[in-house]
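The values are calculated or read from the model by the stated rules, or taken from the named source; none is laboratory data. None of these values were measured; they are calculated from a predicted model. Positions of Cβ are backbone-derived with ideal geometry, glycine not excepted, and every protein chain shown enters the neighbour counts. These accessible areas exclude ligands, DNA and RNA; they are computed on the full protein's heavy atoms, side chains included. Shrake-Rupley method; radii C 1.70, N 1.55, O 1.52, S 1.80 Å.
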Amino acid sequence: MRNAYKGLGLTAAIAMAGLFAGAASAAVIDFDALDATAGQTVPLTSFSEDGYTFDLSFTGGSAGPAVFDTTCTGYGGTDGCNDDADLQPTVQGENGVSDNVLILQRSAPGALIPNDFNDGGRIGFTLTSGKAFFLTGFSAVDDEMFSAIDTDGSTVLGSITLGSDGETGTISFRSSRIEIGDTFYFDYAGSGGIDSLTTTPVPVPAALPLALSAFGALAWLGRRRRRPV
């Protein structure tokens with residue numbers, strides 16, 4: 001009988017290990033692996049990060065999504081970037097803003113140098129590969145308002161309003177379930193950039209029976225061991 005208990009305990013342990021091993025973890029999409037130099041392709045139309053791939057779309061008068069390196073200095077020099085103070089946080093990492101941020105690119109002459117568009121617009125993120133998730137927050141930098149919009153294209157999940165150049169902010173919320181083919185959006189009221197999009201994975205339904213089975217087995221073992229011999 002003791003060997004049977006051991007076998008059942010091992011089964012429960014394996015079930016629990018499978019449950020937690022199969023659970024996806026939260027992710028932060030921060031654009032830091034993307035090209036932020038003057039040679040980047042504008043508009044940025046797709047990218048992959050942390051197990052997700054997104055197609056990007058945009059509306060408004062800008063040249064489209066582009067990547068700006070907030071740590072780069074020198075306007076159009078050997079670094080190939082724009083030393084743009086309004087996009088540089090006072091402290092790198094403040095409110096989740098550091099390194100690369102996603103901007104709408106200015107469409108004026110010389111726009112090959114990453115530079116944010118003054119009149120704002122909208123960027124759409126369409127999930128093309130990766131597991132379902134909830135969008136749970138983002139960060140932003142510059143003196144404008146930035147809003148996250150749910151997959152219906154109209155529900156405002158949360159907004160960040162900033163009042164001065166280089167100011168940063170962050171906000172948390174919970175979107176509807178986002179699956180492959182769904183699109184969520186960010187509205188820019190003017191210039192500026194977004195960073196640190198946070199996601200939480202959707203729980204896998206198949207994990208629930210596994211968890212119940214494991215907890216049930218452990219509870220049965222506990223009852224058996226408390227019985228007098």
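Considering the conditions (1) open to solvent by less than 10 Å² (accessible area, probe 1.4 Å); (2) more than 14 Å from the chain's Cα centre (by Cα), residue 159 is excluded by exactly one of them, (1). The single condition from (1) assigned to a loop (DSSP other than H, G, I, E, B); (2) modelled with pLDDT of 95 or more that residue 107 fails is (2).
Residue 148 satisfies every condition listed in (1) within 16 Å of residue 66 (Cβ to Cβ); (2) open to solvent by less than 10 Å² (accessible area, probe 1.4 Å) except (1).
Of the residues making up the range 112-132, none is more than 20 Å from residue 67 (Cβ to Cβ) and open to solvent by less than 10 Å² (accessible area, probe 1.4 Å). Could you check the range 117-169 and list, in sequence order, the residues that are aliphatic (A, V, I, L, M), without any contact (Cβ under 8 Å) to a residue 40 or more places away in the chain and closer than 21 Å to residue 180 by Cβ? Correct list: 148, 149, 157. The set of residues from the range 41-66 being open to solvent by 60 Å² or more (accessible area, probe 1.4 Å), under 16 Å from the mean Cα position of the chain (by Cα) and not acidic (Asp, Glu) comprises 48, 51.
Tell me yes or no: at least one residue of the range 208-229 is crowded, with 18+ Cβ neighbours inside 10 Å and either in a strand (DSSP E or B) or at pLDDT 95 or above (or both). No, because not a single residue in the range 208-229 is crowded, with 18+ Cβ neighbours inside 10 Å and either in a strand (DSSP E or B) or at pLDDT 95 or above (or both).
Any residue at all in the range 176-196 that's in contact (Cβ under 8 Å) with a residue 12 or more places away in the chain, over 17 Å from residue 65 (Cα atoms) and surrounded by 20 or more Cβ atoms within 10 Å (Cβ to Cβ)? Lay out the reasoning, then the answer.
First, the residues of the range 176-196 that are in contact (Cβ under 8 Å) with a residue 12 or more places away in the chain: 176-196.
If we keep only those that are over 17 Å from residue 65 (Cα atoms) too, we end up with 176-182.
Now narrow it down to the ones that are surrounded by 20 or more Cβ atoms within 10 Å (Cβ to Cβ): 178.
The answer is yes, given that some residue of the range 176-196 is in contact (Cβ under 8 Å) with a residue 12 or more places away in the chain, over 17 Å from residue 65 (Cα atoms) and surrounded by 20 or more Cβ atoms within 10 Å (Cβ to Cβ).
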